[in-house]
Amino acid sequence: MNSPISTFVHGRDPISQAGVISQLRMRPEVRVVDEAAQATVAIVVADAVDEDTIRLLRTMRRDGSPRLVLVATSVDDAAVVTAAEAGVGGLLRRSDASPDMLVRTITRVASGEGEIPPDLLGRLLEQVGRLQRQVLAPRGLTFSGLTPRETAVLKMVADGHDTSDIAVQLCYSERTVKNVLHDVTTRLQLRNRSHAVAYAVREGLI
């Protein structure tokens, strides 16, 4: 049997928090912990995906780095995008948050997968497609935020090639390679080429 997933629960009101905790304490798949920093998954229970909720999610993600699940009364298209931007991996409506569904979501999020209400998935994909067509593609960007040329250069840096090697193999000038790396590090606010490679690997861009 796998070890229970350490889970922290924060409710915007104490009744909601106590309700979710009581449901999870009965489940052997989950171990409820007292601090977000101790948790693999943190659940936030809120009425709406408002500024205070988003601020809390970002703080929890930054401080303890647990994977995040949001249980909210009201969830719409905009809430899905806003929550994802704040680092949420699982999103549930309160009306759907049965013990079984909570455990399923915790398990999926802990393993790096995602969970959102099925009726919102199609509309989210439409928004992603529209963003790619109308905003990113006209600027030569992919959804990763990198151009194909930037991706190729970063892959070669990650493989240990220096600037001259990259220039020869990709048929660019050395100045072009340096400019590509400068553009990436500036746009993504990274310190240097090593930081750029680490970021790209961590985010699954290369």
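Does Gly145 meet the test of being in a loop (DSSP other than H, G, I, E, B), surrounded by fewer than 16 Cβ atoms within 10 Å (Cβ to Cβ) and at pLDDT 80 or above?
It is false that Gly145 is in a loop (DSSP other than H, G, I, E, B), surrounded by fewer than 16 Cβ atoms within 10 Å (Cβ to Cβ) and at pLDDT 80 or above.
Which of the residues that make up region 165-199 are out of contact with any helix residue (DSSP H, G or I) (no Cβ under 9 Å at 6 or more places or on another chain) and not in a helix (DSSP H, G or I)?
Hits for region 165-199 are Cys171, Gln189.
Which residue out of Leu181, Leu190, Leu170 is more than 14 Å from Thr151 (Cα to Cα) and assigned by TED's automatic domain parsing to the domain that holds Leu154?
Leu190
Given (1) of a type in the set (Asp, Glu); (2) in contact with a Pro (Cβ under 8 Å, 6 or more places away or on another chain); (3) at pLDDT below 80, where does Asp77 come up short, assuming only one miss?
(2)
Out of Ser74, Ser95, Ser111, I need the residue that is of a type in the set (Gly, Ala, Ser) and within 19 Å of Pro4 (Cβ to Cβ). Which one?
Of Ser74, Ser95, Ser111, the one residue that is of a type in the set (Gly, Ala, Ser) and within 19 Å of Pro4 (Cβ to Cβ) is Ser111.
Mind listing just one residue for me: the one in region 36-65 that is among the polar types (S, T, N, Q) and farther than 13 Å from Ala86 by Cα and, of those, modelled with the highest pLDDT?
Taking the candidates together, the pick is Thr40.
The values are calculated or read from the model by the stated rules, or taken from the named source; none is laboratory data. Fair warning: this is a prediction, and the values are worked out from it, not measured in the lab. With ideal geometry, Cβ positions are generated from the backbone for all residues, glycine too; neighbour counts draw on all protein chains shown.
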